[in-house]
Structure formats: C-alpha cells, structure tokens
Amino acid sequence: VHVLPKEIFGISTYVVAAFLLRWLPVWLVDKLLLICAWLELGSIQKYGIKRPAMGPLYLKNTLGRTPVLDIGALEKIRSGDIRVVPGIKRFLPGKVEFVNGETLDIDAVILATGYKSNVPYWLR
C-alpha cells in the first residue's frame, strides 16, 4: 500500500487528488501524487517500506486498497521508535521468527490486516 502525506502544501491529499482528477487521467494524478509524496516524505524505501508498482489511485480503483496517510509514523520510524520488520515466518513462545531467519523477543503483536473499503463505489 502507498504511504502519502496527510497534506500536500497545506491542503488535504484527498482534496488535491479529487481536484486533479477532474481534469487529468488517473495515471497522471498518480505520478503527481507520488512526486509530492517524495518531496514531502522523502524516500521511504530505505526504511523497509516498499512502494507498489501501481499508483495509489489505480490501486484504489482496481483493488480497493486505500493509500495510508502518514500522521507521524514515518518520523517514529526515522527516529527508531518504530521498527519496520520483514514478514513473519512463525510465532514461538515469547518470540517471533521472520522470513529472513531473525528472531525478536516480543510482548505483543499488532496485526494491521487492513479492511475492505467501499470508497470506489461512492466515488463513481
């Protein structure tokens, strides 16, 4: 899923996207949003966050995957307060093993499993 800034130049990212979609095709709005995201947030790949190959609005329209709006998590990741980890291979007593073989002692697991959005239906 794409991570976008909450605001672009002080305006809600969703408002900017909706405004641009009135005159521009989705693929071009996607490009502009990703450029703005890079300008506002910088490169997020170096923190282990992978950007999808398809644009944020294209993913929203085709698969219902809503972009994540950053409200401070990236700063916590940059500072080390939040750590991005690889996929989970299995849970062990008091630990988790990742697909890269690394294990980590844990107290709790927060599962961010997503949800099915109905936004594509009311955007049409």
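Results, tabulated for the structure shown:
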item	result
Segment 1-16 residues that are over 19 Å from L28 (Cα atoms), paired with ones that are in a strand (DSSP E or B) and at pLDDT below 95 (beta carbon under 8 Å, 6 or more apart)	K6/S12; K6/L69; K6/D70
When residues of segment 1-52 are limited to those that are among the small types (G, A, S) and buried (at least 16 other Cβ atoms within 10 Å of the Cβ), the one farthest from V85 (Cα to Cα)	A17
Some residue of segment 5-16 being touching a Lys or Arg at 6+ places or on another chain (Cβ under 7 Å) and part of a loop (DSSP other than H, G, I, E, B)	no
Meets criteria (in a loop (DSSP other than H, G, I, E, B) and surrounded by 11 or more Cβ atoms within 10 Å (Cβ to Cβ)) for I110	no
Per-region count, segment 33-71, residues without any contact (Cβ under 8 Å) to a residue 40 or more places away in the chain and of a type in the set (A, V, I, L, M)	9
Residues located in segment 55-77, provided they are outside any loop (DSSP other than H, G, I, E, B) and loosely packed, with under 14 Cβ neighbours inside 10 Å	T62, L63, E75, K76
Residue among L39, L33 that is assigned by TED's automatic domain parsing to the domain that holds A18, at pLDDT 90 or above and closer than 19 Å to F19 by Cα	L33
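The values are calculated or read from the model by the stated rules, or taken from the named source; none is laboratory data. Note that the structure is a prediction, hence the values are computed from the model and not measured. Neighbour counts are summed over all protein chains in view; Cβ atoms, including those assigned to glycine, are modelled from backbone coordinates with ideal geometry.
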